[in-house]
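Input: a single structure, listed below in structure tokens.
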Amino acid sequence: MNTEESAPETLWSPSAELLAECNLSRYRNWLLARGEDLGAAAETLDYEALWRYSVEDVDRFWAGLLNYFDVVYTGSASPVKTGTELLSTEWFPNVRLNYVNQILRHAAPESTALICVREACEPVEITWERLQAQVAAVQQVLAKAGVEPGDRVVGFLPNTEHAVVCFLASAGLGAVWSSCSPDFGASAVVDRFAQIEPKVLIACRGYGYGGKYQDRTAITEELVANLPTLRAKVLVDLAGEGSLDGWVDWDALPELEGSAVVIASVPFGHPLWILYSSGTTGRPKAIVHSHGGCLLEHLKYLHLQADVRQGERFFWFTTTGWMMWNFLQASMLVGAVPVLFDGSPGYPGLRRLWGLAADLPIHHFGTSAPFLHACMRAGISVIDELDLSRLRSVGSTGAPLSPEGFAYVYASVKADVWLASMSGGTDVCTAFVGGNPWSPVREGWIQGRALGCDLHAYNEDHRPILGAEGELVVRQAMPSMPVAFFGDAGDDLRRESYFQEIPGVWRHGDWITLSAAGELKIHGRSDATLNRQGVRIGTAEIYRWLDTLPEIADALIINYVDAAGADHMPLFVVMAQGAALTDGFRQNLRRGLRAGLSPRHVPTRIEAVAEIPYTISGKRLETPIKRLFEGRPLARVANAGALRNPDALRDFAHLAAANLKEDDA
């Protein structure tokens, strides 16, 4: 069922100045000067026409970016790629380079490289001179431990300068970086790190969150006990608790002023970092990305799609366990200054991050849709309180941003800001769809498909459709698609994850609507789609409506068929403080969903729960809970170590068991 609004409001349009000066226009002019045929984009700033150019010949497009960005490499850029299928594609097989080399091209000793903000502290600016000295010092530790190209270095670190330093040191040597946030439990970290057999661990003793210090000493020691391949371990002590036996103290590392950072020349497809799938239903998959693939993709997205410029301050609220951390530090590729924040976005209040945007100032402010929705529900308005004159864009990802969320930004944050909603994934460490500085922002719609991403919506017959919900697929290879899953020698896991359901294309697992103009809506995961007697409903539609109700703090909805063939669609709600789930409120919910959406969206029952279970990366556990209610045992539907709040899942297991008994009776 398609419930989209017929005429969404235009909330923002690019100014004449932006159209003239943005990076995307400079790129278009560069293409025209080379004699490229851009179709309609040759006469007007038509983004959809430029997108078509970018996917008509992907070899031409990506080879062009190698030249446009003046990427430093050795070897030959021919051929651009080899392989006849997406799974077997190898990009620029004769090129050697290093991701870090592109970052260090922007180094100027006395200028600011990073801005670091801890929860209760003032911002600290780190110069390029200091950053490079620290990178060189860490490289000496890695070299002493025998780290060579291809070896793994792992970090159990908060979003502070230490993680960026260690990534640069590792990748510069050609080693493979991987990180987890210190809010992960021990089993979740071991599940991730043990399978990639790291040589070096850099870990913190603790971190601050919500005004409290979280001691992780016991977990760091547990990691060591479960990582037998370690040859060295470095301890970051943020609270002055002291050293631990057998660890190298970060504060004891000499800052090697004037020492050159070592940059190894590696093949284009050489592993850069390892990210992880959620791991909710088994051991997380270790997703390997390449130096060259991430380099080209991040240059493209940050420069062309996000219009990030030299010297601008780029912020994204993230932890080191989310791919947006990789995306945040990637802003250094285009000469921007990453703003790192370690702490709770809600401490001491939801205005904290907006205050940073005004005070630093921040030019590009990135966050999650749930954060914007939380600000909206709390009535946070900073539009008349803070000077956000330097704020150019607000980025949103992590979940679909509701039309009301779009409207909130323009009504309560800044009236003329560019709101760039985006969607992608850990699998490609970028966005498939997102912003561009040429197109208007319309309420509830993502501006368009990213350049070079041949994305379409497929119906149930695997045919492209417009204006109706379908599966998100990508029909041609992108350089940042993973080069492997670690330990998956036969590529069976990679094939099963992306290419099994619809042969010949990448199936991402999202349900989308693609308009004829190239705009998009994301409706949620296709494997969690509500299917009521053959009519598909996106969970995002229901959450969007529920987000407007101050009485509801959180919610989860599933759809399942019981053993007798009966259809059920229960809605579980967490009531806000002071609110109660009365029969009258249940009736109001049903009436509102029926009137605001459709009779198909009305749940079969509504139950109050204490908490909704989430993955560590902040995703609702819709599919695992559906499986519980279908009768599958708890141990088979989710891995507790991959969850932010495993007790909440156990509560749902009890609910499901009681429900099954009622059905049997």
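The values are calculated or read from the model by the stated rules, or taken from the named source; none is laboratory data. Because the structure is a prediction, the values reported are computed rather than measured. When we count neighbours, we look across all protein chains shown, and the Cβ atoms used for this are built from the backbone with ideal geometry, even at glycine. The accessibility values were calculated without ligands, DNA or RNA, using every heavy atom of the protein model including side chains. Shrake-Rupley method; radii C 1.70, N 1.55, O 1.52, S 1.80 Å.
Can you give me the distance in nm between label points at residue 94 and residue 18, each placed 7 Å from the Cα along the Cα-to-Cβ direction?
Going from the residue 94 label point to the residue 18 one covers 4.2 nm.
If amide hydrogens are placed 1.01 Å from N in the peptide plane, which non-local residues have theirs closer than 5 Å to the one on residue 442?
11
Can you tell me the order of 631-640, 319-328 when each peptide is scored by its average per-residue count of other Cβ atoms within 10 angstrom, highest first?
319-328, 631-640
Calculate, for residue 650 and residue 492, the FRET efficiency according to 1/(1 + (r/R0)^6) with r their C-beta to C-beta distance and R0 35 Å; round to the nearest 0.05.
0.60
Just by accessible area at a 1.4 angstrom probe, what is the order of 78, 277, 290 from largest to smallest?
78, 277, 290
Near residue 587, within a Cβ-to-Cβ distance under 14 Å, what is the net charge of the other residues, with Lys and Arg +1 and Asp and Glu -1?
My count for the surroundings of residue 587 gives +3.
If you stretched the chain out fully between residue 608 and residue 577, how much longer would it get, using 0.36 nm times the residue separation minus the C-alpha to C-alpha distance?
Gain on stretching residue 608 to residue 577: 9.9 nm.
Of all beta bridges DSSP finds with both residues in the chain, what is the antiparallel percent, to the nearest 5?
60
Using helices alone, I'd like the mean residue ellipticity at 222 nm for the chain: each DSSP H run of four-plus residues gives -39500 (n - 2.57), total over residue count, nearest 500.
Computed mean residue ellipticity for the chain: -8500 deg cm²/dmol.
On a full-extension model of 0.36 nm per residue, what is the gain between residue 461 and residue 84, subtracting their alpha-carbon distance, rounded to one decimal in nm?
133.4 nm
Sort 376, 569 by heavy-atom solvent-accessible area, probe 1.4 angstrom, most to least.
376, 569
List the residues, sorted by chain then number, that are 5 or more residues from residue 366 or on another chain and whose placed amide H is less than 5 Å from its amide H.
315, 316, 317, 395
Just the number please: accessible area per residue for segment 568-650, 1.4 Å probe, all protein chains included, in Å².
Spelled out: the 1.4 Å probe surface of segment 568-650, per residue, equals 46 Å².
Given R₀ = 56 Å, FRET efficiency for residue 32-residue 657 by Cβ-Cβ distance, to 0.05?
Here the calculated transfer efficiency is 0.30.
Going 7 Å from the Cα of residue 636 toward and past its Cβ, which residues in segment 563-585 have a backbone nitrogen under 15 Å from where you end up?
563
Quick one: which residues, 5 or more positions from residue 433 or on another chain, have an amide H under 5 Å from its amide H? H modelled 1.01 Å from N in the peptide plane, none for Pro or chain starts.
Amide H neighbours of residue 433, under 5 Å, 5+ apart: 423, 450.
From the protein chains alone at 1.4 Å, what is the descending order of accessible area for 127, 217, largest first?
I get 127, 217, largest accessible area first.
Rounded to the nearest 0.05, what FRET efficiency do residue 243 and residue 143 have when you use their Cβ-Cβ distance and R0 = 22 Å?
The computed FRET efficiency comes out at 0.50.
Work out the count of Lys pairs in the chain where the Cα-Cα distance is under 25 Å, with the pair 8 or more places apart or on different chains.
14
Rounded to the nearest 5, what is the percent of antiparallel bridges among the DSSP beta bridges in segment 274-380?
35
Distance in nm between label sites at residue 259 and residue 383, each 7 Å beyond Cα in the beta-carbon direction?
Distance between label points: 5.3 nm.
Percent of Cα-Cα pairs per 10 Å bin, from 0 to the last occupied bin, for the chain, please list those.
For the chain, the binned pair fractions read 3, 15, 26, 28, 19, 7, 1, 0 percent.
Just to verify a number: what accessible area does residue 418 come out at with the full protein assembly present, 1.4 Å probe, Å² rounded to tens?
Roll a 1.4 Å probe over it and residue 418 shows about 10 Å².
Can you work out the Karplus-derived ³J(HN,Hα) for every residue in segment 540-547? Use 6.51 cos²θ - 1.76 cosθ + 1.60 with θ = phi - 60°, whole Hz, and x for glycine or proline.
Listing the rounded values in order: 4, 4, 6, 4, 4, 5, 5, 4 Hz.
Would you calculate the separation in nanometres between label points at residue 224 and residue 515, each defined as 7 Å from the Cα along the Cα-to-beta-carbon direction?
It is 5.7 nm.
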